[in-house]
Each structure stands twice: as structure tokens, then as C-alpha cells.
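Notes for the one structure printed next.
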Amino acid sequence: MARWPKPTEGSWTEHFGLSTEPISYEDSISPSFYELEREAIFKRAWLNVGRDDQLPRNGSYFTKEITAARTSVILVRDGSEVRAFHNVCRHRGNKLVWDDYPGEETHGVCRQFVCKYHGWRYGTDGQLNFVQQEDQFFNLDKSQCGLLPVHCDVWEGFVFVNLAEQPAQSLREFLGPMMTGLDGYPFGLMTERFTYRAEIRSNWKLYMDAFQEFYHAPVLHQKQTPPDWSGPALKNGFEAPHYQIDGPHRLVSTAGIRLYELPENMRKPIEGLTRSGNFGPWDPPELGEMPPGLNPAGCDPWGLDSFQMFPNFTILIWSLGWYLTYHYWPTSYNTHIFESTLYFVPPKTARERLALEMAATTFKEYGLQDANTLEATQTMLESRAVTTFPLCDQEVLCRHLHKVTGEWVDDYRRGIEVSA
Amino acid sequence: MLPVEFSGLEPFAAKWCLATERERYAERLQSTMEEMQAFYDAAMACGEAAIAYCDQFSLDEMPDQAVNLMNLLYSLIAISFSIECWSQPRVPDTGAAYLDLIVEPAR
């Protein structure tokens, strides 16, 4: 018996017009499919690379390695503009901005970028300003040798790049009404951050799948709650009150609980002491009215909304006044870099700071459990001993991600055939 | 290292007053359950008083002893999972997994 009403079609899966048949994970274990994804998705979709408060003043910059798209990008504050360039010197192709190890990301503040190799200098607007021994060159037109720009736009403080020569859609069109329903959320107030990073030995979509269904939560995370909690949770299983799909993007919204009203046997002692836990600090900051795109099912109490933005970016907003992001950066068909940042309003007191520490520490304990199943899944998918897998209605978003990925790859293939 | 009111926690200070998450997590993994249980019992018993003590100060102007007490409370949070959930230092079944905290608040 469903605890939440299903759409009239009888299931979320059918409501969104998705197949209910078992799915193949060939798209997550095939090196040749990954090569297509690099062109079809990572060189065409808008990719979030960070937040604009990482570029606080003129000349602030950071680099982003986008291995899947075979490039590295420089993001830089140039006056009021955020600009993006391919991180390559126009002279002999050296990577322009890096420290110690060429493959590692870096950040800082500068007036201009100077190539380590022969000293060519570029302004934060990308213009080539200085060439060492310029008179030795032949017909060199400096105005034609600026850094190669990358399309870049900012939405609600999130900085996006698009590596296509001409993006098919503007960022705002690509975001669509579901994502832009978050317009006005006070992201800018939440500047206290904890960033986690790991290399994961699985295809990037497997980790997206892990965090776009909560069907696993009562099982995999059973021991993170006292038996009086986890027993009934396991027996009842998980159901989300609301799913939403808009273009290539997805959303799951969950109901919440008022943790501070729970009896002590339902929570851990450290949660009672710190008044914080997996859902975040129990005494949230006052943030005012929330944008209409949040808590779309009108749950009271509400838990969280997880916005899964195609291809590889998640914004997860908790009812307790904070949010986190996930990024999944493919490095091969069966490895990726996982990054997560937790964002909070800066604490004013020691008690508030300790509540943040508790939320962040809890996040890591959960994340470690999620991360380790992925290598185990990847290796056995690659055995191809089993080739189709049944997904339930609570895994509807996983189904959608794999479908959309296939569609983008198919579109790309058709484009190649037409132009050939 | 700690305010005199918390002299009961002094035996744990040298081991657990650690300024970064990386140090605290590493210390947890290399400690025995007996060591962590003793620290947990002592720190939980005066946890509320310790938080109230630190709360007297602004986060930017904390005396060293209060900073040490904060770091001890961060360690208490870190090891509480070993005590309250896992009955072992490490999260079960996470032999190969890691999640490095690469940006953390300065205080």
C-alpha cells in the first residue's frame, strides 16, 4: 500500500512516460560509449564549475580540469564579469595556469596570466598583452592571439561553462522552469563551506544513481540510527512524496521529521548534544520566504529537495536552512572524481559552529557508505554475468538519467551521420 | 591545555585537541575502541557544560584554552560514530573508500 498518492497512471515511472522494463547498464561499462559521452554531453551541456564567491575580486581566478571534455578551463573575475578561457597558451600550447603538478587545479589572484614557458602574458580579459622578443616573430598579430574564450554564464551565483562552439541553448533555457524555480533562494548567504573530494572507481552515472534514489537509505544506512528508528524504517521502506522531471533534469522531494520532537531512544546521544545530524542543524537560520520551486509537494514537515541537473551536477536543499552540491567528473569509463560541498550560513556562536561540524561529519559517514558500494557495483556490471536490471518506482530518476544520456548520444551520432 | 573547569578532560587533551578534520579522522582510525570509549564517556558527561563554556566567546576571539576545548568537541563528534553506530573505528565495508575534506572552515 503506497503511503503517498501516486499519479493517476499508477506510478511515477509511467507518469513520466518511461519504460517499466529492466534496464541495461551497458552505458556505464562501455569504453566506446564513454568516448561518445565526452563529445555528445561534456562538450555540449552547460557544466557547473563552482560559485562566483570563489572569485571575490578583480583578478581572482581558479582552474577547473574537465577531463571528460579533454580540457582545462580558467575562470577569472574581470571587473564585474566572470570570464572563462581554455587554459592553454597560444604560443606553444603549454598549460597556462598551474602549480607544481599540471593535472591539479589551482586558484589565486593575479593581474595577468604569465606562461611559465616563454613568458607570454595575457590580461584577465584574455587579451595577449606581451610577447617575449616580439620582433623575432613573423606577422604576429597580438590581437588575434588572445586566450580562447569558453562560453560562461552565472545563475544564482553558480558559474557554468559550455564548451560547444555555439551552445544550442542559453544557460537559462537549458536550466528550464524547474531549476529556475529556485530563483531567489538565499544561496549567497551560505558561504561557510566544507568541500569533500574522492576518486571513485565507478562510472560517473552510478554515483548519480546512488544519490538520486533513497530506496537504499533504510538498508545501507541502517546502523546510523538507533534500532528504535531503523527497525520501523526498514520495515516500511522509503517512499518519496514527489518526483518531477523537466527536460534533462530531475527532482526528488522528501517529507521530513521534526527531529527535536523525537524521544531520546529515536536519536543518537551526540545528536541530542549538538542538536544536529544528517538533516543538518536543528535550529536553522531565519531565511525568510522560500522560492516557489522549493518543496513542490507542499510537505509539512518537509525534508529536502534534490535537484539533479543534467549532466553531472546536483543541488540538494535541506529544509533546515542549508544546501549541498555534488559534482561527478568522469576521468574514464569506470572512474570519476566526486566532489561535494556543504554550504551553511556562517555560524555566529560556538554552539552553531559545533552543529555544523556534526552535520558535516555525519555527511562523510553516509558518503563513505555510499562510495564503497560503487566499485563493487562497477566490477560486477563489467562481468556482464547479468545484463538487465529491474528498477522500482522509487528508482525512477535513475531510469531517466540513463534514458537522457542515451538520447544525447543518439542525437550526436545522428548529427555526425548527417554532416558525413 | 583546557580551562580549569574541564580538568577532568585534561588526560584526553594531548591526543584529541586536533585542529583539522584530517587529523581527527586519522586519530580515530588509529585508536582502539577502549581509548575512544573512555574519551567518549568523559566528554559526553560534560559535553553540554563544555559547549556552554565555549559559547561565552566570539568565534573570532576565543582564548587558546577554549579553542582547545572546541577541537576536543570536534573530536568527540568524530569518534561518536565509532561508539554509537559502528562498534569499530572505521565505517564498516569502507576499506577502499575515502572522502577527503579539502576545504574546511578556518575555525
(request) Step through the residues of region A:83-92 one at a time and calculate ³J(HN,Hα) from phi using the Karplus curve (6.51 cos²θ - 1.76 cosθ + 1.60, θ = phi - 60°), rounding each to whole Hz and writing x for Gly and Pro. (result) 10, 10, 9, 4, 7, 9, 6, 6, 6, 10
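What average count of beta carbons from other chains do you get within 10 Å of the Cβ of residues in A:261-270? Please list the in-between numbers first.
Details: counts 0, 0, 0, 0, 0, 0, 0, 5, 6, 12.
Mean shielding by partner chains, rounded to a whole number: 2.
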(message) Need the list of lysines near A:K116 for cross-linking: C-alpha distance under 30 angstrom, and skip anything on the same chain fewer than eight residues off.
(response) A:K43, A:K64, A:K95, A:K142
(message) Between 0 and 90 degrees, rounded to the nearest ten: what's the tilt of helix A:350-383 against the longest Cα principal axis of chain A?
(response) 80
(request) Work out from phi, with θ = phi - 60° and the Karplus expression 6.51 cos²θ - 1.76 cosθ + 1.60, the ³J(HN,Hα) of each residue of region A:11-21, listed in order in whole Hz, and give x for Gly and Pro. (result) 7, 5, 4, 5, 4, 8, x, 8, 5, 9, 6
(request) Apply the Karplus parameterisation 6.51 cos²θ - 1.76 cosθ + 1.60, with θ equal to phi minus 60°, to every residue of region A:399-410 and state each ³J(HN,Hα) to the nearest whole Hz, in sequence, with x for glycine and proline. (result) 4, 5, 4, 5, 5, 5, 4, x, 5, 5, 5, 4
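Just tell me how shielded A:361-370 is by partners: mean number of partner chain Cβ atoms within 10 Å of each residue's Cβ, no decimals. Please report the intermediate quantities before stating the final value.
Details: counts 10, 3, 1, 9, 9, 2, 5, 9, 5, 3.
Neighbouring Cβ atoms belonging to other protein chains average 6 per residue here.
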(request) Counting only DSSP beta bridges with both residues in the protein assembly as shown, tell me the antiparallel percent, nearest 5. (result) 100
(request) Determine which residues of region A:40-55 fall in the zone a paramagnetic label at A:S170 would reach in this model, i.e. backbone nitrogen under 14 Å from the point 7 Å along Cα→Cβ. (result) none
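If packing is taken as the mean number of other Cβ atoms within 10 Å per residue, what is the order of A:370-380, A:131-141, highest first?
Working: A:370-380: 18.4, A:131-141: 9.6.
In descending order of packing, they fall as A:370-380, A:131-141.
Of the peptides A:344-350, B:46-52, A:209-215, B:101-107, how do they stack up when ordered by the mean number of other Cβ atoms within 10 Å, highest first? Intermediate values should be presented prior to the final figure.
Working: A:344-350: 18.7, B:46-52: 16.7, A:209-215: 20.7, B:101-107: 13.7.
Packing order, densest peptide first, comes out as A:209-215, A:344-350, B:46-52, B:101-107.
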(request) Check cross-link reach from B:K15 to the lysines: straight Cα distance under 29 Å, and skip same-chain residues fewer than eight apart. (result) A:K223, A:K268, A:K348, A:K364
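Using a Förster radius of 41 Å, what is the FRET efficiency between B:A96 and B:D60 based on their Cβ-Cβ separation? Nearest 0.05, please. Don't jump to the answer; show the numbers that get you there.
Numbers: r = 40 Å, r/R0 = 0.97.
Step by step, r from the Cβ atoms, then E = 0.55.
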(request) Enter the Cα centre distance for the pair region A:297-321 and region A:196-234, rounded to the nearest angstrom. (result) 16
(message) Inside 10 Å of the C-beta atoms of A:192-199, what's the mean count of C-beta atoms belonging to other chains?
(response) 5
(request) Could you name the lysines whose alpha carbon sits less than 21 Å from that of A:K6, not counting residues in the same chain fewer than 8 places away? (result) A:K235
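For A:D141 and A:N265, calculate 0.36 nm times their separation in residues minus their Cα-Cα distance, and state this gained length in nm to one decimal. Walk me through the numbers on the way to the answer.
Values: separation 124, 0.36 × 124 = 44.64 nm, distance 7.39 nm.
Gain on stretching A:D141 to A:N265: 37.2 nm.
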(message) Check which residues have an amide H placed less than 5 Å from A:L96's amide H, if you skip close sequence neighbours.
(response) A:V88, A:C89
(request) Can you tell me the 0 to 90 degree angle between the C-alpha axis of helix A:171-180 and the longest principal axis of chain A, rounded to 10? (result) 10
(message) No partner Cβ under 4.7 angstrom, meaning no disulfide-compatible partner by this rule: which Cys of chain A qualify?
(response) A:C110, A:C145, A:C152, A:C299, A:C392, A:C398
(message) Testing the spin-label approximation: label points 7 Å from Cα along Cα→Cβ at A:V219 and A:F389. State their distance in nm.
(response) 1.1
(request) Within region A:169-195, which residues have the backbone N less than 20 Å from the label spot 7 Å out from A:D53 along Cα→beta-carbon, could you tell me? (result) A:182-195
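Each value in this text was obtained by applying a stated rule to the coordinates, not by laboratory testing. Keep in mind that this is a model prediction, so the values were computed, not measured. Glycine gets a Cβ as well: all are built from the backbone with ideal geometry, and neighbour counts include every protein chain shown.
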